[in-house]
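Visitor: Sharing a structure here in structure tokens format.
The values are calculated or read from the model by the stated rules, or taken from the named source; none is laboratory data. Source: prediction; values computed, not measured. Using ideal geometry, Cβ is built from the backbone for each residue, glycine included, and neighbour counts are taken over all protein chains shown.
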Amino acid sequence: MAGLTINDVTKTFGDFDAVKDVSIDVRDGEFLAVLGPSGCGKTTLLRLVAGFENVTSGDIRIGNEVVSTAEGCVPPEKRRVGIVFQNYALWPHMTVAENIGYSLKVAKVDAETRKRRVEDAMALVDLTGFGDRRPANLSGGQRQRVALARCLVAAPSLVLFDEPLANLDVHLRAAMEDEFAAFHKRTGTTIVYITHDQAEAMALADRIAVMDNGRLAQLAAPRDLYREPANEMVASFISEGIVIPAQVLSPAEGGHIKVSVLGQEVVVRCRPDEAPRAGAKICCRAPEISAATSSEPGIDGTVRRAVYKGGVARIELAPDADPSVLLHFEQPDPNPFEAGARARVRIASGWLIPGAAA
Amino acid sequence: MSVRLNQGRGQEWAMTVVVAALIVLLSILPMLRLIQEIFAPGGTLSTAAISSGLTNTTTWVATGNTLVVGFFGTALAVILGTSVALLVTLTDVRGRSAFVLCYVMPLMIAPQVTALAWLQLFGPASPLLKMLGIAPPLGSRNPLYSPEGIILLLGVQYGPLVFLLVRAGLRKLPRELVEAARASGAGWFTVLRTIVLPLMTPSVVAAAALAFVSCVGNFGIPAFLGIPANYLVLPTLIYQRLAGGGPAVLGDAAFLSVLIGLIAMAGILAQEMMSRRRDYRISSTSLAAEPYELGKWRVPVQVMMWCLIVLILILPLFGLLLSSLVPGYGIPLNAATATLDNYRFVLFEYGAARRAFLNSFVLSFSAAAFAVLVAIPVAYLVAWSGKKWVKYLNLAVELPYALPGVVLAIASLLMFLKPIPFTGVQIYNTVWIILYAYLARFLVLALRPTIAGYHQIDRALEEAARVAGASLFTRMRTIIFPLVAPAALAGGLLIFMTALSELTVSALLWSSGSETIGVLMFSFEQGGDSNYASAISAITVTITFVLMLLANQLAAHLPSGVLPWRD
């Protein structure tokens, strides 16, 4: 086991920065998810850590060893990292046992030890008795487990997961998520898990690194990411956050602050050092917005869309004060709102997005 | 700082250097040597070779002839190949796979065998015509000994080449484009004329360029049909010059071979220019169009198509077979005269024939085995390294095959006329110079399918082996070779089949003791022993056919298009 240090890493292809000034410190035994939309640089980051690509500047350390610098890099075959590939990458011409035992064979481990360790690895992923099968004769979930066992058997210092659930159907995903969590618990391996699925990242990771356009947008625990996004990108990316311009009315007090949003005064959460400033924005989420009666104070607007979701309807409201902001919330049955109708909503709480300098 | 940085790059370097060195040796050096001979024979700049070549009338006559048979041969091949491709791909004719197998077959048969077969069919000694009692009197001239004959056979030989390329293009034609036109009210012929053919222009033009290069570079057909009529094209002119003058006229031959190389390149460039003029890219990929229902025309069209097969494949091969059973020139064939003596003679009695079979087998096998072994690392670099210079590497391997065979043969002669520097080894006048030329010329036949094989493999399979700790050579051996082996081996089989009865290169490079099957056939035919030549041809056609069936066994593991005769 070993930690991973990504220190101010930039990777440039031609004149395009695929990864720019990224620093991440992964603790020994930590489960880190790297989350971002496609094209954000997360796959490049994984390939840099694995050693398939080399950094343009900065350095990468695994444990205490520098493995990548602009001057050169330790090739993947000498890094002792394991990778679980998106499409499993099982060798079709080998049996399950041969697939799993490959790294031991390459390392010239004697046949006796090899056999025992392969058996152990297969037992660990619940595949005992599958050793003689070919990958083609396995189900998607079984293949995934072979891939896990294959990377496990070499006792790698670090395991990289490259969108491992993207090719599985929804039912299998939940089961495999449990499997990964159990795998992490059992082995205590340091894991870097690349995904574009936030639910997956939230469910599995100790911390999540959100990437955007090659940069690290935020690195935080799942709950902090949801409750206290560091910038607009993270705020709107995580759980469809709504970003609304606001005016800060007073200095922060005990982690809360008074702001004016769309003509209404709202108390929102904030960093302790916030003070009144121009161009502030808050992030709030659907559960923090609810319909208000006409006698209550609230934000008036026109319903743009009402989509029934089963039990609840998702309502999208364009407030009169700023129709370019779309507020969406869930209205339990029965739903009184139709597209085009007038409505009034209340914002219960939110998070003041820190200023760019913060 | 770690001491392990940049470790383990050694194998990559070693592989790249070996691959680059091989390609320089096989592709770039011979071409440079040829160019040097023209501009600076003997090491000093001189235009003597060029001016003497340019002022020779024979040169111009042969160039004119080359262009004539090249142009009309291409036209015939394009008309034949495109029509067949349209019928087979777009309509609901039955028995497609069998038809494609038969139609593509002439491409697998050496041109001189095709020529011999047709000569046996139409000549005054034709056993078939004699049986039917319509043979022209002995001593009259075979109508195929003429430019028209050459053009006809070139069209038959390279029609399948056009067919394959146009068919590949038609298969990519999205059905929506056809259906949209039909929904707009266009009938089938209007769709064909206004949608299908315009979209197929790039395929047809590319096919025409390839057919042109093959026609002008062809040696077997004009050698068998043109030399008796004293109708010389550039490849046969080169052959006659060398046969008459030996190494002394190499400078002349070099000039002629560059001339033919230039004509071939002009064909390729014309294609490039034409396909650049308009953007024909097809954006969507979808299912192929529904085949057009021929209705009451289906049976007549099928009959016509099979008549074509009978005419271009079955009759000539039948003629070949019959000739090989005739005891002597002009003797009519019947149950009493039919004999296997010709086979016995070429297989067991004639020493040079035994040698030729052995030489050709060993040469073809070595060339195929070498190409398979080299193609795997070369294709690895071409398909996966992502480096820019690799494109030129690929181009360099294509060159000796794209250019007419005589060009490479002359270049090899020039390179090895003198002993190899530093070693004093002389391979001129031995079988080794033929092997060298085969290796250079046919490598690309194994490289292309191997590259296609790599493109079908998910690179993650190699990366997984890398993170498992396997070095490059270990990955090559345990992961990559098993995965691309079927494609590479199929390429090897194609090489074996092509090289086995190859004539163009060996006609210029052979010497006593290093005869090949092709050379043997040629010298029998030139000496008037058509029956022996027919017997040898029949044997090679049989071997080719067996190998095709063998290769079919691999088909399930191959990228599509590797075996040209598979539908």
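Visitor: Quick one: is B:Thr542 more than 14 Å from every other protein chain (Cβ to nearest Cβ) and buried (at least 19 other Cβ atoms within 10 Å of the Cβ)? Let's see the steps before the verdict.
Guide: Working: more than 14 Å from every other protein chain (Cβ to nearest Cβ): yes; buried (at least 19 other Cβ atoms within 10 Å of the Cβ): no.
No; evaluated as a whole, the condition is false for this residue.
Visitor: Is it fair to say B:Leu520 is within 30 Å of B:Ala125 (Cβ to Cβ), surrounded by 24 or more Cβ atoms within 10 Å (Cβ to Cβ) and either assigned by TED's automatic domain parsing to the domain that holds B:Ile23 or acidic (Asp, Glu) (or both)?
Guide: For B:Leu520, the condition - within 30 Å of B:Ala125 (Cβ to Cβ), surrounded by 24 or more Cβ atoms within 10 Å (Cβ to Cβ) and either assigned by TED's automatic domain parsing to the domain that holds B:Ile23 or acidic (Asp, Glu) (or both) - is met.
Visitor: Name the single residue, out of those in the range A:45-59 being of a type in the set (S, T, N, Q) and either over 24 Å from the mean Cα position of the chain (by Cα) or at the interface with chain B (Cβ under 7 Å from one of its Cβ atoms) (or both), that is surrounded by the fewest Cβ atoms within 10 Å (Cβ to Cβ). Break it down stepwise before answering.
Guide: Pass one, the range A:45-59, residues of a type in the set (S, T, N, Q): A:54, A:56-57.
Remaining after also requiring either over 24 Å from the mean Cα position of the chain (by Cα) or at the interface with chain B (Cβ under 7 Å from one of its Cβ atoms) (or both): A:56-57.
Numbers: A:Thr56: 16, A:Ser57: 13.
Once the filter is applied, the top-ranked residue is A:Ser57.
Visitor: Something else: I'm trying to understand the selection: among the residues of the range A:109-135, which are under 20 Å from A:Ile83 (Cα atoms) and of a type in the set (Gly, Ala, Ser)?
Guide: Result: A:Ala121, A:Ala123.
Visitor: Sticking with this one: Residues in the range A:60-81 that are farther than 22 Å from A:Val19 by Cα and within 8 Å of chain B (Cβ to nearest Cβ): how many?
Guide: Adding up the residues that qualify gives 3.
Visitor: Quick check on A:Leu152: is it closer than 21 Å to A:Gln86 by Cβ, within 14 Å of chain B (Cβ to nearest Cβ) and either modelled with pLDDT under 90 or touching a Phe, Trp or Tyr at 6+ places or on another chain (Cβ under 6 Å) (or both)? Write out each step before concluding.
Guide: Details: closer than 21 Å to A:Gln86 by Cβ: yes; within 14 Å of chain B (Cβ to nearest Cβ): yes; either modelled with pLDDT under 90 or touching a Phe, Trp or Tyr at 6+ places or on another chain (Cβ under 6 Å) (or both): yes.
The answer is yes for A:Leu152.
Visitor: Output the qualifying pairs, or none if there are none: Cβ atoms under 8 angstrom, residues six or more apart or on different chains, first residue in the range B:411-426 and at pLDDT 85 or above, second residue loosely packed, with under 15 Cβ neighbours inside 10 Å and assigned to a loop (DSSP other than H, G, I, E, B).
Guide: Note: pairs meeting the criteria are B:Phe416/B:Gln426.
Visitor: Answer with yes or no whether A:Arg134 is over 18 Å from the mean Cα position of the chain (by Cα), buried (at least 17 other Cβ atoms within 10 Å of the Cβ), within 14 Å of chain B (Cβ to nearest Cβ) and under 23 Å from A:Lys115 (Cα atoms).
Guide: No, not satisfied.
Visitor: Would you check which residues across the range B:382-407 are over 29 Å from B:Asp252 (Cβ atoms) and either outside the structural domain of B:Val24 (by TED's automatic domain parsing) or outside any helix (DSSP H, G or I) (or both) and list them? Walk me through how you get there before you give the answer.
Guide: Of all residues in the range B:382-407, those over 29 Å from B:Asp252 (Cβ atoms) come to B:382-394.
Once the filter is applied, which keeps residues that are over 29 Å from B:Asp252 (Cβ atoms) and either outside the structural domain of B:Val24 (by TED's automatic domain parsing) or outside any helix (DSSP H, G or I) (or both), the range B:382-407 yields B:Ser385, B:Gly386, B:Lys387, B:Lys388, B:Trp389.
Visitor: I need every pair where a residue in the range B:3-18 that is in a helix (DSSP H, G or I) has its Cβ under 9 Å from the Cβ of a residue that is aromatic (Phe, Trp, Tyr) and at pLDDT 70 or above, sequence separation at least 6 or different chains.
Guide: Matching pairs, first to second residue: B:Gln11/B:Phe473; B:Ala14/B:Phe473; B:Met15/B:Tyr380; B:Met15/B:Phe473.
Visitor: In the range A:291-316, what residues are more than 28 Å from the chain's Cα centre (by Cα) and of a type in the set (Gly, Ala, Ser)?
Guide: A:Ala291, A:Ala292, A:Ser294, A:Ser295, A:Gly298, A:Gly301, A:Ala306, A:Gly311
Visitor: Sort out which residues of the range A:194-215 are more than 9 Å from the chain's Cα centre (by Cα), surrounded by fewer than 22 Cβ atoms within 10 Å (Cβ to Cβ) and farther than 23 Å from A:Asn87 by Cα, and write them in order of number.
Guide: Correct list: A:Asp206, A:Asp212, A:Asn213, A:Arg215.
Visitor: When only residues in the range B:460-503 that are at the interface with chain A (Cβ under 8 Å from one of its Cβ atoms) and of a type in the set (D, E, K, R) count, which is surrounded by the fewest Cβ atoms within 10 Å (Cβ to Cβ)? Before the answer, list the steps.
Guide: Looking only at the range B:460-503, we keep the residues that are at the interface with chain A (Cβ under 8 Å from one of its Cβ atoms), and these are B:460-461, B:463-471, B:474, B:478-479, B:482-483.
With of a type in the set (D, E, K, R) added as a condition, the list becomes B:463, B:466.
Numbers: B:Glu463: 20, B:Arg466: 25.
So, considering only residues that are at the interface with chain A (Cβ under 8 Å from one of its Cβ atoms) and of a type in the set (D, E, K, R), the one surrounded by the fewest Cβ atoms within 10 Å (Cβ to Cβ) is B:Glu463.
Visitor: Further question on the same structure: If I go through the range B:517-565 residue by residue, how many of them are within 17 Å of the chain's Cα centre (by Cα), of a type outside the set (Gly, Ala, Ser) and not in a helix (DSSP H, G or I)?
Guide: 4
Visitor: Check whether at least one residue in the range B:433-455 is of a type outside the set (D, E, K, R), within 14 Å of chain A (Cβ to nearest Cβ) and either crowded, with 21+ Cβ neighbours inside 10 Å or in contact with a strand residue (DSSP E or B) (Cβ under 8 Å, 6 or more places away or on another chain) (or both), and report yes or no. Walk me through how you get there before you give the answer.
Guide: Residues of the range B:433-455 that are of a type outside the set (D, E, K, R), as a first pass: B:433-440, B:442-447, B:449-455.
Now drop any that are not within 14 Å of chain A (Cβ to nearest Cβ), which leaves B:453.
Now restrict to residues that are either crowded, with 21+ Cβ neighbours inside 10 Å or in contact with a strand residue (DSSP E or B) (Cβ under 8 Å, 6 or more places away or on another chain) (or both): B:453.
Yes; the residues of the range B:433-455 include at least one that is of a type outside the set (D, E, K, R), within 14 Å of chain A (Cβ to nearest Cβ) and either crowded, with 21+ Cβ neighbours inside 10 Å or in contact with a strand residue (DSSP E or B) (Cβ under 8 Å, 6 or more places away or on another chain) (or both).
Visitor: Which ranges mark the strands (runs of 3 or more DSSP E) fully within the range A:229-345 that have 3 or more residues being aliphatic (A, V, I, L, M)?
Guide: Passing ranges, in order: A:242-248, A:256-261, A:264-269, A:299-308, A:312-319.
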